[in-house]
Every structure is written in C-alpha cells, then in structure tokens.
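Structure first, commentary second.
The values are calculated or read from the model by the stated rules, or taken from the named source; none is laboratory data. Keep in mind that what you see is a predicted model, and the values were worked out from it rather than measured. Note that we place each Cβ from the backbone using ideal geometry, even for glycine, and neighbour counts take in every protein chain shown.
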Amino acid sequence: MAELGVMMMMVKDQVAEQGMFAVLKKIKDLDINAVEVSQIPMSEENTADLERAISELGMKVGALSVALKPGPTATGDNLEEHFDKIVSDCRRLGTTYVRIGMMPLAAMASKEACESWAAECEAAAQRLAAEGITLCYHNHHVDLAQFDGERIFDLVRRVAPSVGFEVDLHWVQRGGMAPLDMLEQYTGVCKIIHVKDFRVKPLPQEAIDALASGDRETFGRLFNDIVQFAEVGQGNMNWPALLPAAEKAGADFFFIEQDDTYGRDPFDCIADSRAYLTSIGY
C-alpha cells in the first residue's frame, strides 16, 4: 500500500513560527508518518529537525521540492545551482524523490518553449537517476492545455521519459480530465499522488442579488468562483475508486494537500482528511 503523508506547504507558516520538529510531532500525532517538503527552506536547522523526526518519530520524508533553475516560480533549492546539496539532503533523509511543482510560465507559452524546458528536465532527471533519485513533475490544470492536440503533461512525458509524475488529482479534475482516465494512462509513471478534494460551494446570495439587479458582470465573477479546495472526503472526488487506481498505477506516496483552508486551522483540516481516509481503509 502507498505511504500516506502530508504536503507540508499546508503548514509552512507553522514551521516558521513553531519550528520544523514541533510541526512534525503534530503531524505524527494525527497518525501520519510521511511528509513532502515544499515552500519551506531546506536550511541546516530544518534538515536536522527532519533527521531527528526520522530517528525519534519514525517519519519518512517522501519527497523534496526543487526547481530546475532559478526564476519567478522557483522556491528553495534549484538543480542548476544546488545539485550537490539536493543530493546530500536526499541521502541524509533517505529520500528518493524530488519534485518540480510547476514549470516556468514562459515554458507554457509555446510548444517549442515547453519542449525545450522538458528536454532540460530530462537531462536533470538522468543526472539524478545516477544518484538513485527520481525527478517528478507535478501538474496543475494548465498542464492539460494543448499544443497541436498534445497536452502539456503528455508533451513532458514524451520529451522527458526519465521524469516521473506527481499527479494532483484535484487539478486533473479542474482541468477537465477524468482523474481515473489520467491514472490509467499514466500507469507506471505515477510515483506520487496529491490527495486533494474538489468542492463546489453554494452560490452566494450576493450572486443571486447581482443577477436580479441586472449586474451580470458581478454575477458572472461570483458564479465562476464557487470551486474550492476541500478536506478529503468533503468534496466530490471519488476516493474509494481513485486511491486503489492510483496504487495500481504505481504510486508510492499519497500526500494530503489543501491549497487553501479558508481560515480553518490547517491541522484541523488535515485531521478531517485523515479521519475520512481511515474510514475508507487508508
């Protein structure tokens, strides 16, 4: 069975305020034994706390976030400037996956730009593979945009066959593709799954009033803004079907993630997601 964990982007503010080890202890107390580190500096202090959590709490560090190069969408270490440090961090933490959270926006501007970026990823993936580390690419809805009938996700797979995939099932659904179809088509290269639910909130009264008054612009904005990130089990994703399909597709880790908690304490959101996943056998 895939290892269940948390995407630590959800608790980056808490790490900054309370420290890495204290946050990892809270995650462990929620019966979660693995993490993916993202949008949190891999400083010596944080890396040492991760090592301590591995030793004292039995935590696993399933993946670290990296960028290919420095740039506007890059946070933390990048493979161009910090390759040796990234490899060292992985070895210290027993981590075999690093992941790129998003390609640079400029690479999405054309098929040629996307292919060029993917080719650089392939070179980096081969270099990491020589160190026993798999490079994965994480999707958003925009990765289902097409150039000449080919989705960006498929283009990356074609040009960079050494790259694995971190499939974010919420963004797949938001991008208009059935998540079960994505898992079937990417069997064998789905290494990590983001377990993130998709909720449609009720239409607010403000939208109803705007339409009644003839303010179609306000109505349209509010009508198109009713999709939310949700605690797992509180949206409309079919997790009892999706998670077994993800395991069949080859996933090693399931990471709970919720990009926005809408004012709720993220630990409460994680607890709700964990309780639901326990209820369906995970």
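Would you say residue 202 is over 28 Å from residue 88 (Cβ atoms) and either in a loop (DSSP other than H, G, I, E, B) or not assigned by TED's automatic domain parsing to the domain that holds residue 254 (or both)?
yes
Could you list, in sequence order, all residues of region 72-101 that are in contact with a Pro (Cβ under 9 Å, 6 or more places away or on another chain) and either among the aliphatic types (A, V, I, L, M) or not assigned by TED's automatic domain parsing to the domain that holds residue 136 (or both)?
74
Test residue 245 against the stated conditions and say whether it is in a helix (DSSP H, G or I), surrounded by fewer than 14 Cβ atoms within 10 Å (Cβ to Cβ) and in contact with a helix residue (DSSP H, G or I) (Cβ under 7 Å, 6 or more places away or on another chain).
no
Do we have residue 163 as among the hydrophobic types (A, V, I, L, M, F, W, C) and farther than 28 Å from residue 237 by Cα here?
So residue 163 does not fit the description; no.
If I ask for residues that are closer than 20 Å to residue 7 by Cβ and over 19 Å from the mean Cα position of the chain (by Cα), which ones from region 72-119 would you list?
89, 93, 94
Taking only region 160-184 into account, find how many residues are touching a residue at least 60 places away in the same chain (Cβ under 8 Å) and charged (D, E, K, R).
3
In region 206-219, is there at least one residue being more than 20 Å from the chain's Cα centre (by Cα), part of a loop (DSSP other than H, G, I, E, B) and surrounded by 12 or more Cβ atoms within 10 Å (Cβ to Cβ)?
Yes, because at least one residue in region 206-219 is more than 20 Å from the chain's Cα centre (by Cα), part of a loop (DSSP other than H, G, I, E, B) and surrounded by 12 or more Cβ atoms within 10 Å (Cβ to Cβ).
Here is a check on your reading of the model: is residue 142 touching a strand residue (DSSP E or B) at 6+ places or on another chain (Cβ under 9 Å) and in contact (Cβ under 8 Å) with a residue 24 or more places away in the chain?
Taking the combined requirement at face value, the residue does not satisfy it.
Out of 274, 264, report the one residue that is among the basic types (Lys, Arg), surrounded by fewer than 14 Cβ atoms within 10 Å (Cβ to Cβ) and either part of a loop (DSSP other than H, G, I, E, B) or touching a residue at least 40 places away in the same chain (Cβ under 8 Å) (or both).
264
Of (1) over 15 Å from the mean Cα position of the chain (by Cα); (2) crowded, with 17+ Cβ neighbours inside 10 Å; (3) assigned by TED's automatic domain parsing to the domain that holds residue 133; (4) not hydroxyl-bearing (Ser, Thr, Tyr), residue 251 satisfies all except one. Which?
For residue 251, the exception is condition (1).
Determine whether residue 15 is closer than 15 Å to residue 255 by Cα and modelled with pLDDT of 95 or more.
no
Quick one: what pairs do we get from region 145-159, first residue touching a residue at least 60 places away in the same chain (Cβ under 8 Å), second exposed (fewer than 14 other Cβ atoms within 10 Å of the Cβ) and among the aliphatic types (A, V, I, L, M), C-beta under 6 Å, 6+ apart or different chains?
So the pair list comes out empty.
Among the residues of region 220-242 satisfying the criterion of being in a loop (DSSP other than H, G, I, E, B) and under 20 Å from the mean Cα position of the chain (by Cα), which is surrounded by the fewest Cβ atoms within 10 Å (Cβ to Cβ)?
Only one residue fits best here, namely 236.
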